[in-house]
1. When the Cα centres of the range B:380-405 and the range B:118-140 are compared, how far apart do they sit, in Å?
2. Taking trypsin sites (Lys or Arg not before Pro) that fall in a DSSP loop and have at most 13 other Cβ atoms within 10 Å as cut points, what is the longest piece of chain B between them?
3. Longest exposed-loop-site-free stretch of chain B, with chymotrypsin sites (Phe, Trp or Tyr not before Pro), DSSP loop and at most 11 other Cβ within 10 Å?
4. Run the numbers on the range B:33-297 and let me know its relative contact order in percent, using alpha-carbon pairs under 8 Å that are six or more apart.
5. Which angle between 0 and 90 degrees, to the nearest 10, do you get for helix A:40-51 versus the longest principal axis of chain A when only C-alpha atoms count?
6. Between the range A:261-309 and the range B:64-108, what is the separation of their alpha carbon centroids in Å?
7. Starting from the amide H of A:THR106, placed 1.01 Å from N in the peptide plane, find each other amide H under 5 Å away whose residue is 5 or more places distant or on another chain.
8. On a 1.4 Å probe surface of the protein chains, which of B:HIS410, A:HIS239 comes out largest in accessible area, and what is the full order?
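The values are calculated or read from the model by the stated rules, or taken from the named source; none is laboratory data. Computed from a prediction, not measured in an experiment: that's the story for all the values here. FYI the Cβ positions are ideal-geometry reconstructions off the backbone, even for glycines, and counts take in every protein chain you see. Ligands, DNA and RNA are stripped out before the accessible areas are found, and what is left, the full protein with its side chains, is counted by its heavy atoms. Shrake-Rupley method; radii C 1.70, N 1.55, O 1.52, S 1.80 Å.
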Amino acid sequence: MHHRLIAGLALALAASPAVAQDRTLTVYAPDYFASEWGPGPAIKEAFEAECDCTIDYQTGDLLPRLKLEGARAEADVAIGFDSTEMKQARETGLFAPHGVDTGALTLPIDWDDEVFLPFDWSYLAFVYDNEALDEVPGSFEELVAASDDLRIAIQDPRSSVSGLSLALWAEEVFGDEVEAKWAKLAPKITTVTPGWSEAYGLFTEGEVDMVLSYTTSPAYHAIAEEDDTVSAAIFEEGHYMTIELAARLAGSEEPELAEQFMQFVVSPEFQSLIPTSNWSYPSALPQAEWPEGFQTIAMPEKAIWLPEDEADAKRDAAIEAWRQGLSQ
Amino acid sequence: MRWPGGIAAGLVIALTLGTLGAVAWRAGFALRLGPADWAAIRFTVWQAALSAALSVTLAVPVARALARRRFFGRAALVTLLGAPFILPVIVAVIGLIGVFGRGGLLNEALALFGLGPVSVYGWHGVVLAHVFFNLPLAVRLILQGWLAIPAERFRLAASLGAPVGRLLEWPMLRAVAPGAFAVIFLICLTSFAVALTLGGGPRATTVELAIYQAVRFDFDLGRAAMLAVVQFGLCGAAAMALRAAGAPETLGAGLDRVVERHEPGGRLIDTLAVALAALFLMAPLAMIVGRGLPGLLELPAGLWAAAARSIAVALGATALTLVMALALALRGGALARLSMLLPLAASGLVMGTGLFVVLHPVIAPRDVALVVTMLVNAVMALPFAARVLAPAVAQAEAGHGRLADSLGLHGLSRLRWLILPRIRRPLGFAAGLTAALSMGDLGVIALFAGDGQATLPLLMVRLMSAYRMEQAAGVALVLLAISLALFWAFDRGGRVDAAA
């Protein structure tokens, strides 16, 4: 007991000179982002090394929290918005222009938004075990037409961004026929989970043959588990993009730090942390500089992407078509 | 002493109706229910009714067997049969899929006979899970009814050669079963986590799931408030039916007595009933252990800190729940009954959001994340704890209340000398129940948590969202073990030196 006290005191004394870092950058982030298995800790370490400040992550549902707190939000920066919720985020009116030159971005689409800055992205895809599944659909149309023995887990568009992106993707591919296509797909959909992780868990347990995930999922298995049996089915109609965004808050008390952080987001240092910590493509790093496991995984040829107004306008109809089609 | 009960009731009402009021005040009501909402309401009521009916029906032969047979390991079996009720849903789903999933035990067994495969996903998956959780409760309630039949009557009936079933058991079931049905119906009305993964699709949407979507995704608080009111309405109607059916206000604590019966036969049926129930309830637990073992080799670094946090929250919630339940039991009356019911109808998410709205202007929500989680867990477990304690307190008062009056025992000394010594067993049982329920609840921590505040369920969620499914299964096993250990320790503690 006594020893511990002394050791504690010694530690506190030794640590005190280093507490020159009295500036704090408060970052709102989703729970997964800041957890020890997400990209948060490495990004914090890298930024703190150059900013002479401390990053304080506050985790939770990003948009609900910002809407609840409004102008009282403590955040200087919010990171981890999904591109499907961009319009609602913008409508809060809480954000200031990021001030970053978007010319450095390497997305497959043009991006010149002044407020929301992409920090990573991926394509939505159906992922499968390439040793177990023989007939892999080469298009969304083929997936719909596949045998009803195929077992697929997807996510609910009413509770997850990936589920919502899927509904928009199907809407974009099938147009007016989308509800009928959902009905045709229905027998193959084993279950609908509220979020990505429950569905992916069913896939790794072998409960389903295919799961709605990302083209970057196989990279996790290849790199972290040295397992090459997981692949993403590439559809010829193209794949819906998921883009994750950061923005800085207009009411920030540390505007310069926040601006510095936004610049840091597109820096090679930040960007090179993304692939193997968030298992997605970096948004501002040429493909040649991606880790090896990311070079070899299958890449769609065509990107599908709806600008925020269009996505917002189609959202309710796409969800209703999904619900009706699967309820028949 | 009536005022502590008043305070407890006030706290319950503030946390249930008050938080709903705060959410509604912030957002206003969206006074419109779409076709999808009506579909959700229909499914909610329908699945709850079916789940409750099946649980009660299946519980009858099991309860009868436990009532009239004495066999080796009976006491251990009665305790273990209670496990599913306190099992964290997030963990239970792993076990249910291990047994009933595509590669599960059931389909492997069916394949031996060239049958199957059967799918667990869909409305029947939701009902299956609800029966899994609530069959033990139904068995407990009905067993209570059996044990309440005086042994003399069985003896008399046997000596007269009268039909025991028609004369004694059927009237008892008619009195007890509707109440058991109503309690389980109420529990299944607001259960939501089960429907998430096993539901199979949008047809299996429940009201609570719709609230989850409104709060966490659409952030349509007006809609969430509206749906929460619908849920209170549904539960209110069910509760009134429950009272009309003369439902028991108890969950039954001491069940170790075996009815002395002089009746030949039925041994095969009894053996079968107990064996099948044990298999149905234990196999998923075994699967959780099996799936979790590999993960134990690579438990994450933050595990024990998270476990300590979860245990601290559970113990805090337990203390608070016991004090509130005791206070309500001592007060009695309509207000106490309402307080024992309200949390069953409340949505944890609406409660959490309401607390956020109220607290945010005063204090940073994450500074009180664990306290808030403890508070919400305590209130959510109150209906169960209170139903265990209230009858025991009433019994103690009925038996010795006058004597205590004549001795001038009031206030704390009355509690100390009259009540507490006589309710040790139910107190231990209630404490175990509350601690285990709180342990497994992901609850509102996900809305509030900051750095270094993860509880065990939240740790599981984090691992799962980072592809680490095997580690998550290991954490699930640790969670299961701690939940059961807490339950066992409290339940056991109540039994030491206590009269049976």
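1. If you average the Cα positions of each part, the centres end up 32 Å apart.
2. Between the exposed loop sites, the longest stretch runs B:258-500.
3. For chymotrypsin sites (Phe, Trp or Tyr not before Pro) (loop position, at most 11 other Cβ atoms within 10 Å), the longest site-free span of chain B is B:114-500.
4. Once normalised by length, the contact order is 35 percent.
5. Rounded to the nearest ten degrees, it is 40.
6. For the range A:261-309 versus the range B:64-108, the Cα centre distance is 47 Å.
7. The list, which skips near neighbours in sequence, is A:ALA284, A:LEU285.
8. So the residues, ranked largest to smallest area, are B:HIS410, A:HIS239.
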